[in-house]
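The values are calculated or read from the model by the stated rules, or taken from the named source; none is laboratory data. This one's a predicted model, so the numbers in the text were calculated from it and none came from an experiment. Cβ placement follows ideal geometry from the backbone for every residue including glycine, while neighbour counts extend to all protein chains displayed. For accessibility, only protein heavy atoms count, side chains too; no ligands or nucleic acids. Shrake-Rupley method; radii C 1.70, N 1.55, O 1.52, S 1.80 Å.
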Amino acid sequence: MADILAIETSCDETAAAVVRDGCEVMSSVVASQASQHSPFGGVVPEIASRSHQDVIGPVVEKALADAKMNLTDMAAVAVTQGPGLLGALMVGFAFAKALAFAADLPLIGVNHLEAHLYANLLEHSEMRPPFVALVVSGGHTLLVHVAEWGDYQVLGQTLDDAAGEAFDKIAGLLGLGYPGGPLVAELAEQGDSEAIKFPRAMMHTPDYNFSLSGLKTAVITYVNKISAEGGALNKADICAAFQAAVVDVQVAKTVRAAREYGVSDVVLAGGVAANKELRGRLTTSLRAIGADIWFPSPQMCTDNAAMVGAAAFRQYQLGDFLLETDEPLSSMRFQPCQE
Ligand code: KG4
Ligand code: ZN
């Protein structure tokens, strides 16, 4: 039995969790900084780092207390090693490294995007590779072929804005608040997705890449035009039409990847995986080709440390450590993971 203390500070959530054997969440604490970034319409990296620094101690203490365990009961400490905001990552990393060293525990560095995939495994233990994964978050949009856990081939990714970033920018433009994804999605439910026709960039290109900045510009141009004409903006229609444009391309490319790679399972991960329209449309389209879709519960889609603990367990079993026990601290330097 191995309990892993996991820490996540890659963006604007300070999170800690205790996960047993990669599958049982003993505790999970998430402190969101959203209200601190909200006035700025997006994450301010400097505020994020400082806020992580303020709350990481209490968040880790609460995770251990909720699990009714001590640091000495842990088998390892795991921490998100990237990708993410560098200053934010370093707060979690330095904290985790100090804990591991002090308690003489191995330290495991986890890739944040891989952790988003593992969020699915926490809730669907029967899920098995091979599958195609659509990872859509505030910082990333990528399609990945997962032959085996740990064996990833990136099929394509966004050439500019990430899906969540696009949702956040449209919410900012319409004055809805931050984080924008859930707010745009909620308003979209009352709108007509066909009232305005926004572009579906790269929908028919033979690759698996995405581009979202043209869509964002099209929405800005539309809003400016209506405002200049003195017309009233129907925000619900704008949200619905924007969301439909994002979802159309993501569904088309994901379904094509599933067919081309001959997989019978598709996995959705990352904050935007909480989007009901995306989940619903993907489910319908994949069912039509006889494939299954997996996605986490909404709270498990967005950043948390339980998913980091789940991903860390495979590395724990492999002995894939950044810092072994009895090793001097000087033997390890911080190197953020790339995608
Ligand atoms: O995975 P995540 O928590 O953080 C990153 O790793 O970036 O994703 C956060 C992103 C934000 O951009 C947020 O607006 C978006 O996920 N998001 C959504 C929804 N819920 C969160 N986007 C669309 N629809 C949603 N329901
Ligand atoms: Zn994330």
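Relative to the longest principal axis of the Cα atoms of the chain, the long axis of helix 306-318 lies at roughly 50 degrees. On the beta carbon distance between A102 and Q317, with R0 = 35 Å, the FRET formula returns roughly 0.90. Surface analysis of the chain yields an accessible area of 42 Å² per residue, using protein heavy atoms and a 1.4 Å probe. Which FRET efficiency value, to the nearest 0.05, do you get for E186 and E24 by plugging their Cβ-Cβ distance into 1/(1 + (r/R0)^6) with R0 = 25 Å? So the FRET efficiency works out to roughly 0.15. Mind checking the angle between helix 86-103 and the chain's longest principal axis? C-alpha axes, 0 to 90 degrees, to the nearest 10. Approximately 20 degrees, to the nearest ten. For a straight C-alpha distance cut-off of 17 angstrom, the lysines reachable from K169 (same-chain residues fewer than eight places away being disregarded) are K216, K235.
Listed values for the range 108-121 are Karplus-derived 3J(HN,Hα) couplings in whole Hz (6.51 cos²θ - 1.76 cosθ + 1.60, θ = phi - 60°), namely 10, x, 10, 6, 4, 6, 5, 4, 4, 5, 5, 4, 5, 5, and x replaces Gly and Pro. The label point for D248 and the one for Q36, both projected 7 Å from the Cα toward the Cβ, are 4.0 nm apart. Ordering 197-209, 143-155 by mean Cβ neighbour count within 10 Å, with the highest value first, yields 143-155, 197-209. Excluding residues fewer than 8 places away in the same chain, name every one of the aspartates and glutamates whose C-alpha is closer than 12 Å to that of K253. Filter leaves D207. Modelled spin-label separation between S297 and L71, with each label point placed 7 Å from Cα along the Cα-to-Cβ direction: 3.0 nm.
The modelled label-to-label distance between A288 and E148, using points 7 Å beyond Cα along the C-beta direction, is 3.5 nm. By DSSP, the beta bridges lying fully in the chain are antiparallel in about 60 percent of cases. Listed by chain and number, the lysines whose C-alpha is less than 21 Å from the C-alpha of K62, apart from same-chain residues fewer than 8 away, are K97. Over the chain, DSSP H runs of length four or greater, each weighted -39,500 (n - 2.57), average out per residue to a 222 nm ellipticity of -14000 deg cm²/dmol. Per atom type, the range 1-140 shows carbon and sulfur on 55% of its accessible surface, probed at 1.4 Å. Taking a probe of 1.4 angstrom, what is the accessible area of S285 in Å², to the nearest 10? Using a 1.4 Å probe on the heavy atoms, I get roughly 40 Å².
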